[in-house]
Amino acid sequence: MEVAERKEELEYRLAQISQQKRSITAPFDGIITKLFLQKGERAQTGDPLAILVNTSKLRFITDLEEATARELHVGQSVSLSLRAGHHMQPIRATITVLSPEVDPASGLIEMWAEFDNPAQTSINPGVAGTLHIP
């Protein structure tokens with residue numbers, strides 16, 4: 001009886017390990033926006049399985065004229081208007097990246113401004129917006 005019980009326990013542990021090998025765990029909370037494989041398909045090492053998006057913090061990316069970019073700095077708070085359904089929602093964001101180089105083809109400088117999106121539904125990633133510069 002003890003041997004049978006020990007055998008069942010070992011088989012149960014092996015089944016758990018097998019299940020863990022076939023499961024994936026995301027490194028952060030988010031929403032899956034795309035799956036690259038269907039149920040039952042085998043993944044190859046290094047191939048993407050899914051796209052996971054964390055919408056609690058979003059990034060507004062724009063290009064600015066060099067003269068305008070000179071008036072801004074990393075860490076500065078800026079005002080944005082972003083589309084939320086049929087209206088524009090005002091947002092406060094913080095500049096996190098202000099490229100040190102000008103794109104020679106366009107004469108523009110890339111800027112990133114990040115903001116919190118706590119409701120995770122108020123602003124959808126990829127919507128159009130406007131940067132308001134005083």
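The values are calculated or read from the model by the stated rules, or taken from the named source; none is laboratory data. All figures in this text were calculated on a predicted structure; none of them were measured in a lab. When we count neighbours, we look across all protein chains shown, and the Cβ atoms used for this are built from the backbone with ideal geometry, even at glycine. Heavy atoms of the whole protein, side chains included, go into the accessibility calculation; ligands, DNA and RNA do not. Shrake-Rupley method; radii C 1.70, N 1.55, O 1.52, S 1.80 Å.
Just one of (1) in a strand (DSSP E or B); (2) in contact with a Pro (Cβ under 8 Å, 6 or more places away or on another chain); (3) at pLDDT below 90 fails for THR55. It is (1).
Checked against the criteria, GLU66 does not count as among the acidic types (Asp, Glu) and loosely packed, with under 11 Cβ neighbours inside 10 Å. Please determine whether any residue of the range 26-49 is under 17 Å from the mean Cα position of the chain (by Cα), polar (S, T, N, Q) and part of a loop (DSSP other than H, G, I, E, B). No: zero hits.
Let's see how each residue does on (1) touching a helix residue (DSSP H, G or I) at 6+ places or on another chain (Cβ under 8 Å); (2) among the basic types (Lys, Arg); (3) over 30 Å from ALA119 (Cβ atoms):
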| position | (1), (2), (3) |
| --- | --- |
| LEU10 | no, no, yes |
| ARG13 | no, yes, yes |
| GLN16 | no, no, yes |
| LYS21 | no, yes, yes |
| THR25 | no, no, no |
| ILE31 | no, no, no |
| LEU35 | no, no, no |
| ARG42 | no, yes, yes |
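Residues in the range 12-28 that are open to solvent by less than 100 Å² (accessible area, probe 1.4 Å) and not hydrophobic (A, V, I, L, M, F, W, C) were compared, and the one that is nearest to SER56 (Cα to Cα) is SER23.
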